[in-house]
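Everything on this sheet refers to the single structure shown next.
The values are calculated or read from the model by the stated rules, or taken from the named source; none is laboratory data. Note that the structure is predicted; figures quoted are calculated from it, not measured. We place every Cβ from the backbone using ideal geometry, glycine too, and count neighbours over all the protein chains shown. Heads up: the accessible areas ignore ligands, DNA and RNA and are worked out on the full protein's heavy atoms, side chains in. Shrake-Rupley method; radii C 1.70, N 1.55, O 1.52, S 1.80 Å.
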Amino acid sequence: MKKQENKILMLNIFNILVTILFNLLIIAVIIFVCVSLKQVIVAILAVLPIVSIISLIIFYTISYKKRKIGVTNLLLFMCSINIPSLLISYKIISELETLDIFANANNDEKTIEKNNLMADWEIKIEQEKIEKKLAKLNSKNESNNNSKKVIEQKREERKREIYKSYSKFVYNKIIKKYPDEKNTFKLISLTTEALENSNFLGAYIKQEKLINLLQEFDWTKEQVIEILNEKDIEQIVITFKENRKNF
């Protein structure tokens, strides 16, 4: 609900700014035409900023509270030619209705009180409207959550590939460093220790063929460095032990 309130606040600020810019533009046009083209008659356009301000005042004193832009308010917006502000105002009303749905969703007493003042057919229409709105919001939230999960899942998969490549590099370095060591457990222990101490991290990053590996991962070198600098040692070691037999 807090996020919805912040969104409405930003829309209100934007609405006021748009109206100010619109009025300044009209005034600038009037001054330019009157001074440069000597067409004083165009000064009649000064009525537009006035009507624009009146339409905004009515919106915030009446329409905003009623959650509905009335005919009078609509006509004033249209007469002022401040269409951007009208569109933003409609958006604000829509977001306010959504906020009301959130606020009243668990308020049974308020719902009952409201229903007592409405005819059966009005209650039915209101319920259908709320259900459609909630369904749309739930669908949007679910879609956003799924997108975040997919992105995070893909990132984790790529991180494991980087850990796999890095641990393989370190394992090969250990084998070359201890060519006479045949004890597998000892080699694993030495590799694990090297991974924990980041002994070969710099060498891994500096290797020239890393660029070719990055093309496979679809990561930039900076991203790989960032991931490895997180030093998720536990996951790196786990990845190494899971894939060691394939190295």
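Some notes on this structure:
- Average accessible area per residue (Å²) across region 147-243 - probe 1.4 Å, nucleic acids and ligands excluded: 66 Å²
- Taking every lysine pair in region 1-106 that is 8 or more places apart or spans two chains, those with Cα atoms closer than 29 Å amount to 15.
- Near-label residues of region 183-204 by backbone N, under 16 Å of a point 7 Å along Cα→Cβ of Lys221: 201-204
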